[in-house]
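The values are calculated or read from the model by the stated rules, or taken from the named source; none is laboratory data. Predicted model only: the values in this text are computed from it and were never measured. Ideal geometry is used to build each Cβ from the backbone, glycine not excepted, and the neighbour counts take in all protein chains shown. The protein model used for the area step is the full one, side chains on, heavy atoms only, and it has no ligands, DNA or RNA in it. Shrake-Rupley method; radii C 1.70, N 1.55, O 1.52, S 1.80 Å.
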Number of protein chains: 4
Amino acid sequence: MSPRTTRHVMPPTADRRQFASDTEAPCCPSAWQALTEANHGHAAAYGDDAWTAQAVAAIRDLVEHDCAVFFTATGTAANALALAALCRGHQAVAVSEHAHLIHHECGAAQVLTPGLALRPLSSPDGRLTPEQVTALADGLGVHGHRLGALSIANASELGTVYDVDRLTAVAAAAHARGWRVHCDGARFANAVAATGATPAALSWRAGVDVLVFGGAKNGLTTSEAVVVFDRDLADDLAWRHKQAGQLAAKGRFWSAPWLGLIRSGAWLANARHANAAAARLAAGLATIPGTVLRQRVESNAVFISLPVAVADGLRARGWRFHALAGAQRLVCSWDTSAADVDAFVADARALAGD
Amino acid sequence: MSPRTTRHVMPPTADRRQFASDTEAPCCPSAWQALTEANHGHAAAYGDDAWTAQAVAAIRDLVEHDCAVFFTATGTAANALALAALCRGHQAVAVSEHAHLIHHECGAAQVLTPGLALRPLSSPDGRLTPEQVTALADGLGVHGHRLGALSIANASELGTVYDVDRLTAVAAAAHARGWRVHCDGARFANAVAATGATPAALSWRAGVDVLVFGGAKNGLTTSEAVVVFDRDLADDLAWRHKQAGQLAAKGRFWSAPWLGLIRSGAWLANARHANAAAARLAAGLATIPGTVLRQRVESNAVFISLPVAVADGLRARGWRFHALAGAQRLVCSWDTSAADVDAFVADARALAGD
Amino acid sequence: MSPRTTRHVMPPTADRRQFASDTEAPCCPSAWQALTEANHGHAAAYGDDAWTAQAVAAIRDLVEHDCAVFFTATGTAANALALAALCRGHQAVAVSEHAHLIHHECGAAQVLTPGLALRPLSSPDGRLTPEQVTALADGLGVHGHRLGALSIANASELGTVYDVDRLTAVAAAAHARGWRVHCDGARFANAVAATGATPAALSWRAGVDVLVFGGAKNGLTTSEAVVVFDRDLADDLAWRHKQAGQLAAKGRFWSAPWLGLIRSGAWLANARHANAAAARLAAGLATIPGTVLRQRVESNAVFISLPVAVADGLRARGWRFHALAGAQRLVCSWDTSAADVDAFVADARALAGD
Amino acid sequence: MSPRTTRHVMPPTADRRQFASDTEAPCCPSAWQALTEANHGHAAAYGDDAWTAQAVAAIRDLVEHDCAVFFTATGTAANALALAALCRGHQAVAVSEHAHLIHHECGAAQVLTPGLALRPLSSPDGRLTPEQVTALADGLGVHGHRLGALSIANASELGTVYDVDRLTAVAAAAHARGWRVHCDGARFANAVAATGATPAALSWRAGVDVLVFGGAKNGLTTSEAVVVFDRDLADDLAWRHKQAGQLAAKGRFWSAPWLGLIRSGAWLANARHANAAAARLAAGLATIPGTVLRQRVESNAVFISLPVAVADGLRARGWRFHALAGAQRLVCSWDTSAADVDAFVADARALAGD
């Protein structure tokens, strides 16, 4: 044995639960159980296995539509593929100025669709309005890009949610201009939980052409689902999916967790739990002097200004969370406990000298 | 409950073990154990977790090099990123006519590196020679592509293996022309097992600049490792990796299995096992009248011509395997048992009327 | 004055007329006159000028179709834009093994349409048959590309020509598979001259969706016309054209020569002249011992095997011509004179000791 | 003859001289003369002709550097190629918020370099400062782009000019961060004329790595020169140039006018003339009540607010000019006469009731 190998004797230990991101949480029990069950025997590769077939069927049932479904490794890839299905490279996509697509995906959509432009629109609460869509000026003829799609995130990057009416209105404004509509649903389940709408009502019935249904933040290991309601678009996307390096050989390990998540109802229970934890967190923090809530807490994230000493002190006590859009962002997960929330609030209160 | 959801009552059941591909096998115990251990508590996202750090360290130990390591979802993505690191779009890559890059990746490398050309070379046994590399004519000045890299697969797509001498010679011929060298090691562990060489001897010491170290076929769920020996290349590749949608938020689920696989030694034991199973399979089939072995069995695949009636009969009895390069390809996995092999051979023998 | 500037006192002098390529010829008188006329006063930029409007109208008249027309700087750009209009990056285009697209455009089409594959088909005389189109196997599902277009060259790269019947048959075979049809007409006028068909009969009436109508080889300075018969395709192509850096600010200098060429009838006269010169050249060379005509001379190129001593001797006497497809290629231009042809033949005959 | 062809009897007539853009002007006499001289006899294709060799030599003399030179059809293509030489797709380029690259090139740079980001910086006068370059925050690690280049325009899009000191300072700030520096010199000659600096002092000596030397606006027909001072970059760019569809077969028609322009000194005389015309125009308009000059007039453009009635009235009298950056932009050309300027000013004055 070389000294190199002997230095790794102990396996890593995980962190305590944090509020940095819902992607820091582990896999939830129902998804994990399905993953475990899928790990037996041989299965046809590249998505031709029974687990994938059933997971796709489960998603179709859930959204009440005979849609096409493509599983991807990451949300970045899912969004890039969704836009590749909806746009060509001379087009522009109207998005919120806070869009994950703009700030956190390193141009992945433009790699798959070279030349594509993202047109950021002012969006103080993370949402866009039909008026903005209607008023957006096209480019300078062929010298600028040609507007072709609207991309919204639901829940939005600032934790707010489009309910059915808002979503229907903004999508209708986009369709009225001949655009397609993409929904980045990295936290789609949280939006469903927040609105009480059905997945169908909050997607295709409201005018969404392609939905990215987030799995990782909802309790899976790593997988997102690109849900394509227009089958004409889906036909080509099967090739783009492969070409983008997103067709897993051992597909069952991406699809089986979805089956467990959906069949058990955990997809919704997890989201409701996380949303409730955020509400509890916001309520707790709101009573601390010097805090200012920056966004309505509609899903599982709290955007809040904390006094600098409080924020620094929390970090010094081992809490991790990120600054975003001029505030501190605190995200709750399917596994955030009331005790986690209360411990954070207590620390904050103590640091505020309250 | 709607009727839609109630029709999926029973989970899928897996197939019996097959010879269609080593990607049809499940996750091996040591990798699975590490995956399970990793599924506790919170962990920093996007690869900043302890599991990923240790998995990278374990790979560095294994290859005896302070390399950069990027985990990807698929081998297609891994190869595309490797070539993106080595080439620009006006260049051409010399490859075997049987290269997976050409036939099974739907142009993924050319999507990440638009304009890139693959120059297939005659390769009856799946390997390229230094003479071919030296003799390959460049394009017609700027009207054709500029040769810039050699891509070999080890083990090759036809199951043969480059030993250290062969690999060193062909890589030296490439470097003599100023090219970079990529190794598609979807079955790298099988090549190591076959040659008895160390991973270092069969990669950077032999002249490989970027190695794709295959995980899925070696016993993981879904993950490959792009191993970059030239750190200058790696610097930029961190961004390309994200941009390609290959940076997992919950990175521990891709990295932890690697840690289990390597620490336990299963990476090598699995490969040896699969190689031995292929040898047993070839030996068994060779005695059946009418069979012709098409390639030397050096790793875990058997390329053999079977009488049509035998091949059809085997498929009718439920065996799955693919035709490739004018032969039947039978691939053994880490979990292929002697009984599996013997059952297949017995069926073949019976069908041959032997 | 620095010594640097004084060394360029004399302007370059041109070569005598050669057989290397019809792109070596100057601009013909009718095109030149229009260019000169266009060089007065101001004109709206980016194609909004009167010269461009009239040139487009003239092309529409010529092809008897209300097509869209985009002028480009080069044939490479024109072909790349044509395929960008017809295909997406996961598709494959069936082409002759001798296609200019494959051998002489350095992957330009794949730069504009990343991932696009060209599928070369055996083509001893430069043409493809309906049978080849019908028989061509698609890729391995999503693992390979999806066939989506046929690209033919007329006149072909080997100087042969598709007449109306051949073209209609091969295009119909492509359309029967749901493919689009591109015609690389770098020497379209030569094909029209050779067949006696109208431009309409040899393009859209025969099933061509996008025609690249070559200008440079027909007597212009530098400009090709992408002629799009399906206006739905053209709508987006206006943006792609700009995005590809092919929309000239001073558009009149590309369009005015087309107007002169077409109105004067020189487009056809030039092509007839060049075709006739090639016929004279082939007839002259055919009587020299040791020569073997490799292709039927149907347009303005002669593919011929010359004895090595003759070929070398001709080059030593200052004649320039290229080897292509295993033969010497001799190309006649709008300005090739009978005396040029006869001088070349006389030199060849002398060198052959005839 | 069909009725279609007979309707185009008269050639188009040109507009009177306008202030809409210097791309609306014709070709200047010295460039035209060289173009005419080049139109004799045969010349080797694809830039291997004597005219191109001499034009490249003339540019090298002019910039006092053994640079590489690539001629392109358009400025959009030239800028896209320049950035392709300097950047890879995961990088970001710092540019002025008014950059032509952002607003008028439809993403061409991102088509050639997929994923590339442009980072607009506030720039009230069209120029960037070293402080801005130094202060610009990089992205969020791999989640955002990696800054890699500075692109400035000289003269800027708002008509202002970087003198040697300004340019040196901003380029030094970029190099201090390890970035490359691109100069969009669509109006480079105007900047040289304005500053009195030599071309060398205003390009490589000041830290410019790649200069786009504009030809069309300086008096050519259609051609720009990409001037690459780092020969290592140039080596690959030869292929990219071809691959981008920018290598003209009949290269002499792009290069010969450059030779005429440079040898005659017209490149500088034209720019001085245009700059002087703009100064005269600004001086004339400044005395009209209600006008506000929006930018210092340092090159050949005047940015001015005109009373609405005056602007409308001028357009009604047949004058064409564009609104840009919140003002009316009036551009003078090599052929703008004092009478043109005075006529425009007189019309404006009359409309203002002055």
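Residues checked against (1) out of contact with any His (no Cβ under 7 Å at 6 or more places or on another chain); (2) within 21 Å of A:His322 (Cα to Cα); (3) open to solvent by 10 Å² or more (accessible area, probe 1.4 Å):
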site: A:Ala149; (1), (2), (3): no, no, no
site: A:Gly159; (1), (2), (3): yes, yes, no
site: A:Asp165; (1), (2), (3): yes, no, yes
site: A:His175; (1), (2), (3): yes, no, yes
site: A:Asn190; (1), (2), (3): yes, yes, no
site: A:Ala194; (1), (2), (3): yes, no, yes
site: A:Ala197; (1), (2), (3): yes, no, yes
site: A:Val212; (1), (2), (3): yes, no, no
site: A:Asn218; (1), (2), (3): yes, yes, no
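All conditions but one from (1) surrounded by 20 or more Cβ atoms within 10 Å (Cβ to Cβ); (2) within 8 Å of chain C (Cβ to nearest Cβ) apply to D:Ala68; the one that does not is (2).
Counting the residues of the stretch C:143-174 that are among the β-branched types (Val, Ile, Thr) and assigned to a strand (DSSP E or B) gives 1.
Per-residue answers, yes or no, for (1) modelled with pLDDT of 95 or more; (2) within 26 Å of the chain's Cα centre (by Cα); (3) among the aliphatic types (A, V, I, L, M):
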position	(1), (2), (3)
B:Arg7	no, no, no
B:Asp15	no, yes, no
B:Asp22	yes, yes, no
B:Ala34	yes, yes, yes
B:Glu64	yes, yes, no
B:Val69	yes, yes, yes
B:Ala73	yes, yes, yes
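For beta carbons closer than 7 Å, sequence separation of 6+ or different chains, a first residue in the stretch A:201-219 that is more than 19 Å from A:Ala234 (Cβ to Cβ) and a second that is open to solvent by 20 Å² or more (accessible area, probe 1.4 Å) and in a strand (DSSP E or B), there are no qualifying pairs. Here are D:Asp335, D:Asp340: which of them is open to solvent by less than 70 Å² (accessible area, probe 1.4 Å) and either modelled with pLDDT under 95 or in a loop (DSSP other than H, G, I, E, B) (or both)? Sole residue among the options that is open to solvent by less than 70 Å² (accessible area, probe 1.4 Å) and either modelled with pLDDT under 95 or in a loop (DSSP other than H, G, I, E, B) (or both): D:Asp335.
Exactly one residue among B:Gln110, B:Gln132 is more than 8 Å from every other protein chain (Cβ to nearest Cβ), open to solvent by 20 Å² or more (accessible area, probe 1.4 Å) and assigned to a helix (DSSP H, G or I), and that residue is B:Gln132.
Can you say whether C:Leu247 is of a type outside the set (Asp, Glu), closer than 25 Å to D:Ala77 by Cα and open to solvent by 10 Å² or more (accessible area, probe 1.4 Å), as far as the supplied structure shows? Yes; evaluated as a whole, the condition is true for this residue.
The rows are residues; the columns are (1) over 21 Å from A:Gly126 (Cβ atoms); (2) in contact with a strand residue (DSSP E or B) (Cβ under 6 Å, 6 or more places away or on another chain).
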site	(1), (2)
A:Arg252	yes, no
A:Pro257	yes, no
A:Leu261	yes, no
A:Ser264	yes, no
A:Ala276	no, no
A:Glu298	no, no
A:Gly318	yes, no
A:Ala325	no, no
A:Leu330	no, yes
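The listed residues are A:Val310, A:Val292, A:Val227, and the only one of them that is under 30 Å from B:Ala84 (Cβ atoms) and more than 13 Å from every other protein chain (Cβ to nearest Cβ) turns out to be A:Val227. Screening A:His98 on (1) more than 16 Å from A:His145 (Cβ to Cβ); (2) buried (at least 24 other Cβ atoms within 10 Å of the Cβ) shows it passes everything except condition (2). Filtering the stretch D:35-56 to residues that are under 18 Å from C:Ala31 (Cβ atoms) and facing chain C (nearest Cβ under 8 Å) leaves D:Glu37, D:Ala38, D:Asn39, D:His40, D:Gly41, D:His42, D:Ala43, D:Ala45. For the stretch C:191-227, filtering for residues that are in a helix (DSSP H, G or I), within 24 Å of C:Val93 (Cα to Cα) and not aliphatic (A, V, I, L, M) leaves 2.
Residues of the stretch B:21-58 that are crowded, with 24+ Cβ neighbours inside 10 Å and β-branched (Val, Ile, Thr): B:Thr52 alone. Of all residues in the stretch D:289-307, none are touching a residue at least 24 places away in the same chain (Cβ under 8 Å), assigned to a helix (DSSP H, G or I) and more than 30 Å from C:Arg187 (Cα to Cα). For the stretch B:292-318, a residue qualifies if it is over 15 Å from B:Ala279 (Cβ atoms), out of contact with any Asp or Glu (no Cβ under 7 Å at 6 or more places or on another chain) and surrounded by fewer than 22 Cβ atoms within 10 Å (Cβ to Cβ), and the qualifying residues are B:Val292, B:Arg294, B:Ser305, B:Pro307, B:Val308, B:Ala309, B:Ala311, B:Asp312, B:Gly313, B:Arg315, B:Ala316, B:Gly318. All of A:Arg252, A:Arg205 fail the test of being of a type outside the set (Gly, Ala, Ser) and open to solvent by 20 Å² or more (accessible area, probe 1.4 Å), apart from A:Arg205. Do we find that A:Phe344 is touching a residue at least 12 places away in the same chain (Cβ under 8 Å) and under 21 Å from the mean Cα position of the chain (by Cα) in this structure? Considered against the rule, which asks whether it is touching a residue at least 12 places away in the same chain (Cβ under 8 Å) and under 21 Å from the mean Cα position of the chain (by Cα), A:Phe344 comes out as no. Determine if the stretch B:175-186 includes at least one residue that is farther than 20 Å from B:Leu237 by Cβ, away from chain C (no Cβ under 14 Å), touching a residue at least 40 places away in the same chain (Cβ under 8 Å) and not in a strand (DSSP E or B). Taking every residue of the stretch B:175-186 in turn, at least one turns out to be farther than 20 Å from B:Leu237 by Cβ, away from chain C (no Cβ under 14 Å), touching a residue at least 40 places away in the same chain (Cβ under 8 Å) and not in a strand (DSSP E or B). Examine the stretch D:149-161 for a residue that is under 21 Å from B:Arg240 (Cα atoms), within 22 Å of the chain's Cα centre (by Cα) and modelled with pLDDT of 95 or more, and state whether such a residue exists. Looking for residues that are under 21 Å from B:Arg240 (Cα atoms), within 22 Å of the chain's Cα centre (by Cα) and modelled with pLDDT of 95 or more, one finds at least one in the stretch D:149-161, hence yes.
Given the options B:Leu281, B:Leu268, name the one that is in contact (Cβ under 8 Å) with a residue 40 or more places away in the chain, part of a helix (DSSP H, G or I) and open to solvent by less than 10 Å² (accessible area, probe 1.4 Å). Steps first, please.
Values: B:Leu268 fails: open to solvent by less than 10 Å² (accessible area, probe 1.4 Å).
Residue meeting the stated conditions: B:Leu281.
If the condition is being of a type outside the set (Val, Ile, Thr) and away from chain A (no Cβ under 14 Å), then the stretch D:113-129 contributes D:Leu121, D:Ser122, D:Ser123, D:Pro124, D:Asp125, D:Gly126, D:Arg127, D:Leu128. With respect to (1) in contact with a helix residue (DSSP H, G or I) (Cβ under 6 Å, 6 or more places away or on another chain); (2) facing another protein chain (nearest Cβ under 9 Å); (3) open to solvent by 10 Å² or more (accessible area, probe 1.4 Å); (4) more than 21 Å from D:Gly215 (Cα to Cα), the lone exception for C:Asp236 is condition (1). Residues in the stretch D:90-113 that are hydrophobic (A, V, I, L, M, F, W, C) and at negative phi: D:Ala92, D:Val93, D:Ala94, D:Val95, D:Ala99, D:Leu101, D:Ile102, D:Ala108, D:Ala109, D:Val111, D:Leu112.
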